[in-house]
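Q: Please find one structure pasted underneath; my questions will follow.
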Amino acid sequence: MERAMPEGFLWGGATAANQFEGGWQEGGKGISVPDVMTGGTKTSPRHVTDGIFPEYHYPSHEAVDFYHRYKEDIALYGEMGFKVFRMSINWTRLFPKGTEETPNREGLQFYRDVFLECKKYGIEPLVTISHYELPYYLAKEYGGWSNRKLIDFYLNYCRVLFEEYKDLVRYWLTFNEINILLMGAYGNIMGGGILPPGRDTKVGVLAGLDESWDEEQRRFTALHHQLVASAKAVRLAHEINPLNRVGCMLLSRIAYPYTCRPEDVLKGQQTMQLANYYCGDVHVRGAYPSFARRLWKEKGIEIPFMEEDEAVLKEGTVDFLSFSYYSSSTATEDPNVPVAAGNMMRGPANPYLTQSQWGWTIDPKGLRYLLNEFYGRYQIPLMVVENGLGAEDRVEEDGSIHDPYRIEYMREHILQMLEAVEDGVELMGYTVWGCTDLVSAGTGEMAKRYGLVYVDKDNQGKGTLERRRKDSFYWYRNVIATNGREL
Ligand code: BGP
């Protein structure tokens, strides 16, 4: 049977401003939370510092310089035949502190130029409004999203975006991986802009991302505020332009039962319910799921519901659901099963699957499983907006880069998406993560490369920033040209 994606399928790639753009102090941009995050490695965590200190390397400051090279980058996307380019707006480029009423015109002009450049190649921008880029001022002075006032600052920012780019942007995502706020220190800082209490202030380090510091109540509060903000943004987007299509974005999670013991099956179910449906239900169905009440009670969490919230959530449901998918994990109630080190999702290693160089379990069939799970529950269009392989690449003497491992990873995942489409899933598109090499969010490294386009830059920040096509570039170009018929 010949398989292909549906007509109009949105093939493309995905990036985030703080990992891609650089130009951190140009054009009137303010400081955002990632701008105070140091580089780390596979084995040493990134740190958050209280301000900028010359002894540290901050990878977001230059990133890979999309700010100055966007024409060249977008031309390469045009060459690959992208239909869509997922990118995020750096909030601080428009509102340096986050509290201003009127936006910085230079920042607005930059994104206008980027969108116009996309249009030249027939590429639709898919814009993430908030991708781990909270203004540092809002984090420091307001306590990040744990403060309800952020809803208004965010909506003011959204209004400017929807009005300013009314004729240029159709597809929006309100928050990247909103459910990261369900996950410890990383969720607090990157997702919520909730900074840890100061310590070791001589070197300015507030906390490392792997530290056990956590504030569960504040995380759940922040998440509620984001969900309300997202619902209000959806309504606003539709009011300003009925053609706007607004989606949510989840960090998807699979937790296969480690054994068929009912205890493990339940544990797997509960893990997936919380990770996928706690936020998914609010976004798509307009209300928290039934299991949430028990969870809050058992954790002793109070959700700060305001009178208007119930109606706001009901009325602000999304047009489509998008998610990131890289790997799967397992779940067990048995404390004696060793937890696999380096397995990002944390759980016993799955003996049937292999792992990437960074210890992320590779599971293409999991993507089909997940697409069926989401579609079965929600019955709205889905989009895979992050997927890809972070790996080390080698540049050959003649300048070529052979990355069969990345092609293999993408091929297997696209095959499973084709299967899911056969299963009846309504799939809108696929944007491979980090289509041009960029800074890793988790470790702050350059060595963990996802790109189809190579960027000459190393972990210390050295390199010419020159772009080079990898083998995967040509392969993906053909996949797009044949709409998935030739893999
Ligand atoms: C997601 C983030 C991205 C991206 C990706 C890969 O969680 O939305 O910003 O970076 O993960 O993760 P990493 O960069 O840590 O390899």
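So that you can scan it fast, the table gives a plain yes or no per residue for (1) at pLDDT 95 or above; (2) within 22 Å of the chain's Cα centre (by Cα); (3) within 16 Å of the ligand (Cβ to nearest atom):
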| position | (1), (2), (3) |
| --- | --- |
| Val127 | yes, yes, yes |
| Arg148 | yes, no, no |
| Leu155 | yes, yes, no |
| Glu163 | yes, no, no |
| Asn179 | yes, yes, yes |
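Q: Looking at segment 61-104 only, could you name the residues that are among the acidic types (Asp, Glu) and in contact with a Ser or Thr (Cβ under 8 Å, 6 or more places away or on another chain)? Even if it seems obvious, please write down each step before you answer.
A: Initial filter on segment 61-104 (among the acidic types (Asp, Glu)): 62, 65, 72-73, 79, 100-101.
Selection gives Asp73 alone.
Q: Also, quick follow-up: Output the number of the condition that Gln25 fails; it satisfies all remaining conditions of (1) within 16 Å of the ligand (Cβ to nearest atom); (2) polar (S, T, N, Q); (3) modelled with pLDDT of 95 or more.
A: Among (1) within 16 Å of the ligand (Cβ to nearest atom); (2) polar (S, T, N, Q); (3) modelled with pLDDT of 95 or more, Gln25 violates only (1).
Q: Residue by residue through segment 266-299, note down the ones that are in a loop (DSSP other than H, G, I, E, B) and within 18 Å of His225 (Cβ to Cβ). Spell out the reasoning first.
A: Step one: of segment 266-299, the residues in a loop (DSSP other than H, G, I, E, B) are 286-290.
Across segment 266-299, the qualifying residues are Gly286, Ala287, Tyr288.
Q: Something else about it: Kindly establish whether Val425 is assigned to a loop (DSSP other than H, G, I, E, B) and under 23 Å from the mean Cα position of the chain (by Cα).
A: Working: assigned to a loop (DSSP other than H, G, I, E, B): yes; under 23 Å from the mean Cα position of the chain (by Cα): yes.
Yes.
Q: Only one of these is charged (D, E, K, R) and assigned to a helix (DSSP H, G or I): Glu263, Glu302. Name it. Let's see the steps before the verdict.
A: Working: Glu302 fails: assigned to a helix (DSSP H, G or I).
After ruling out the rest, the residue left standing is Glu263.
Q: I need a count of the residues in segment 293-313 that are of a type in the set (A, V, I, L, M, F, W, C) and touching a helix residue (DSSP H, G or I) at 6+ places or on another chain (Cβ under 6 Å). Can you show your working first?
A: Here is the first cut: in segment 293-313, the residues of a type in the set (A, V, I, L, M, F, W, C) are 295-296, 301, 303, 305-306, 311-313.
Next, only the ones that are touching a helix residue (DSSP H, G or I) at 6+ places or on another chain (Cβ under 6 Å) stay: 301, 303, 312-313.
Qualifying residue count for the region: 4.
Q: Considering only residues that are β-branched (Val, Ile, Thr), in contact with a Lys or Arg (Cβ under 6 Å, 6 or more places away or on another chain) and within 16 Å of the ligand (Cβ to nearest atom), which ones fall in segment 400-442?
A: Pass one, segment 400-442, residues β-branched (Val, Ile, Thr): 401, 407, 414, 421, 425, 431-432, 436, 439.
Applying the additional criterion that residues be in contact with a Lys or Arg (Cβ under 6 Å, 6 or more places away or on another chain) yields 401, 431.
Thr431 - this is the single residue of segment 400-442 that is β-branched (Val, Ile, Thr), in contact with a Lys or Arg (Cβ under 6 Å, 6 or more places away or on another chain) and within 16 Å of the ligand (Cβ to nearest atom).
Q: Could you list, in sequence order, all residues of segment 319-372 that are over 25 Å from Glu408 (Cβ atoms) and modelled with pLDDT of 95 or more?
A: Asp319, Phe320, Leu321 - these are the residues of segment 319-372 that are over 25 Å from Glu408 (Cβ atoms) and modelled with pLDDT of 95 or more.
Q: For Arg112, which of the numbered conditions (1) assigned to a helix (DSSP H, G or I); (2) crowded, with 19+ Cβ neighbours inside 10 Å fails to hold?
A: If we test Arg112 against (1) assigned to a helix (DSSP H, G or I); (2) crowded, with 19+ Cβ neighbours inside 10 Å, just (2) comes out false.
Q: Hey, another quick one. What number of residues in segment 431-483 are β-branched (Val, Ile, Thr), crowded, with 22+ Cβ neighbours inside 10 Å and assigned to a loop (DSSP other than H, G, I, E, B)?
A: Residues meeting the conditions: 2.
Q: Scan segment 349-374 residue by residue and report those that are of a type in the set (Gly, Ala, Ser), assigned to a loop (DSSP other than H, G, I, E, B) and surrounded by 17 or more Cβ atoms within 10 Å (Cβ to Cβ). Show your work before the answer.
A: Kept after step one, since they are of a type in the set (Gly, Ala, Ser), are these residues of segment 349-374: 349, 356, 359, 366.
Imposing the further condition that a residue be assigned to a loop (DSSP other than H, G, I, E, B) reduces the set to 349, 356, 359.
Once the filter is applied, which keeps residues that are of a type in the set (Gly, Ala, Ser), assigned to a loop (DSSP other than H, G, I, E, B) and surrounded by 17 or more Cβ atoms within 10 Å (Cβ to Cβ), segment 349-374 yields Ala349, Ser356.
Q: Which of the residues belonging to segment 443-457 are modelled with pLDDT under 95 and away from the ligand (no atom under 11 Å from the Cβ)?
A: Answer for segment 443-457, where residues must be modelled with pLDDT under 95 and away from the ligand (no atom under 11 Å from the Cβ): there is none.
Q: Tell me, which residue of segment 143-173 that is out of contact with any Leu (no Cβ under 9 Å at 6 or more places or on another chain) and not charged (D, E, K, R) is farthest from Asp309 (Cα to Cα)?
A: Asn156
Q: To continue, here is another question. From the residues in segment 304-330 that are within 23 Å of Leu173 (Cα to Cα) and within 16 Å of the ligand (Cβ to nearest atom), which one is surrounded by the most Cβ atoms within 10 Å (Cβ to Cβ)?
A: Among residues in segment 304-330 that are within 23 Å of Leu173 (Cα to Cα) and within 16 Å of the ligand (Cβ to nearest atom), the one surrounded by the most Cβ atoms within 10 Å (Cβ to Cβ) is Ser322.
The values are calculated or read from the model by the stated rules, or taken from the named source; none is laboratory data. All of these numbers come straight from a predicted model, not from anything done at the bench. Reconstructed Cβ throughout: ideal geometry from the backbone, glycine too, with neighbour counts over all protein chains shown.
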